[in-house]
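The values are calculated or read from the model by the stated rules, or taken from the named source; none is laboratory data. Fair warning: this is a prediction, and the values are worked out from it, not measured in the lab. Backbone-built Cβ (ideal geometry, glycine too); neighbour counts: all protein chains shown.
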Amino acid sequence: MIARLRILVCGAFAFVFILAAMSGAAFAQRQGGEPGQFDYYVLSLSWAPSFCVTARGAARAQECGRRAGFVVHGLWPQFDNGGFPENCQVPPPRLDRRIVSATLDLMPATRLIYHEWDTHGTCSGLEQHDYFDLIRKARGAVTIPPQFDGPQQSEQASPADVLDAFVKANPGLAPDDIVVACDRSRLSEVRICLTRELGFRSCGAAARGACRADSIVIPPVRGR
């Protein structure tokens with residue numbers, strides 16, 4: 001009788017544990033976000049020369065072997081409150097290698113492309129081909145200012161100078177629609193906020209990530 005009671009108690013605890021695990025998994029999935037449920041996009045353009053100053057090993061070999069200035073870091077779904085969904089499908093659908101190959105002209109490394117799909121693309125609510133087509137359209141909607149077209153020597157500028165250059169080069173882009181980010185003393189990224197239809201829009205709470213430095217270094221473009 002006692003042995004049977006122990007079995008029943010252990011079984012009850014196991015059942016409760018399974019329910020808790022299932023509930024936790026569901027909560028984690030909700031925390032990740034629901035595909036297609038977001039307010040706008042951020043197009044992140046990384047200044048590759050800054051990354052290559054400190055990159056080492058495989059990352060440097062993959063991302064710094066070619067001549068590049070601004071490259072696409074990602075197209076990120078965002079919420080108006082400043083938050084963002086991530087990893088909306090776990091495990092994520094395996095990305096087609098043909099898409100990866102076709103995207104290397106925009107994004108410099110295969111590992112980055114896979115990461116962006118798994119982390120951000122799965123939250124877009126789009127199929128793989130449609131998401132990467134949208135990345136290409138978003139990049140095509142932004143004109144890079146001429147002073148960032150392959151500078152041959154290091155330059156100093158304020159974040160406001162970088163922002164103003166993009167605003168002047170892109171009709172309809174307002175100062176509130178762009179965020180200039182820095183890593184220590186160097187320009188790291190320019191983030192442009194876009195509607196779901198790829199029109200320029202205010203970054204709102206996402207502007208909290210703006211560079212606060214008075215002056216930043218813009219390393220020159222190198223490579224073949």
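Collect the residues in segment 117-154 that are surrounded by 15 or more Cβ atoms within 10 Å (Cβ to Cβ) and either touching a His at 6+ places or on another chain (Cβ under 8 Å) or hydroxyl-bearing (Ser, Thr, Tyr) (or both), keeping them in residue-number order.
Thr119, Thr122, Ser124, Tyr131 - these are the residues of segment 117-154 that are surrounded by 15 or more Cβ atoms within 10 Å (Cβ to Cβ) and either touching a His at 6+ places or on another chain (Cβ under 8 Å) or hydroxyl-bearing (Ser, Thr, Tyr) (or both).
Would you pick out the residues in segment 145-169 that are farther than 17 Å from Cys203 by Cα and either without any contact (Cβ under 8 Å) to a residue 12 or more places away in the chain or assigned to a helix (DSSP H, G or I) (or both)?
Correct list: Pro146, Gln147, Phe148, Asp161, Ala165, Lys168, Ala169.
Step by step: first the residues of segment 179-200, then only those that are of a type in the set (Lys, Arg) and part of a loop (DSSP other than H, G, I, E, B), then the one that is nearest to Ser50 (Cα to Cα). Which residue is that?
If we take residues in segment 179-200 being of a type in the set (Lys, Arg) and part of a loop (DSSP other than H, G, I, E, B), then Arg184 is nearest to Ser50 (Cα to Cα).
Taking the options Asp176, Asp105, name whichever one is in a helix (DSSP H, G or I) and either of a type outside the set (Val, Ile, Thr) or in contact with a strand residue (DSSP E or B) (Cβ under 9 Å, 6 or more places away or on another chain) (or both).
The unique qualifying residue is Asp176.
Hey, can you tell me all the residues within segment 186-201 that are of a type in the set (D, E, K, R) and either under 10 Å from Ser44 (Cα atoms) or in contact (Cβ under 8 Å) with a residue 60 or more places away in the chain (or both)?
Arg186, Glu189, Arg191, Arg196, Arg201 - these are the residues of segment 186-201 that are of a type in the set (D, E, K, R) and either under 10 Å from Ser44 (Cα atoms) or in contact (Cβ under 8 Å) with a residue 60 or more places away in the chain (or both).
With the structure loaded, tell me whether Ser202 is surrounded by 15 or more Cβ atoms within 10 Å (Cβ to Cβ), in contact with a Ser or Thr (Cβ under 7 Å, 6 or more places away or on another chain) and of a type in the set (S, T, N, Q) or whether it fails that test.
No: the conditions fail for Ser202.
Of everything in segment 108-137 that's at pLDDT 95 or above, of a type outside the set (Ser, Thr, Tyr) and assigned to a loop (DSSP other than H, G, I, E, B), which residue is farthest from the chain's Cα centre (by Cα)?
The selected residue is Glu127.
What pairs come up if the first residue lies in segment 71-89 and is farther than 15 Å from Arg208 by Cβ, the second is among the aromatic types (Phe, Trp, Tyr), and their beta carbons are under 7 Å apart, counting only those six or more places apart or on different chains?
Close Cβ pairs satisfying both conditions: Leu75/Tyr41; Pro77/Phe38; Pro77/Tyr41; Pro77/Phe84; Pro85/Phe38.
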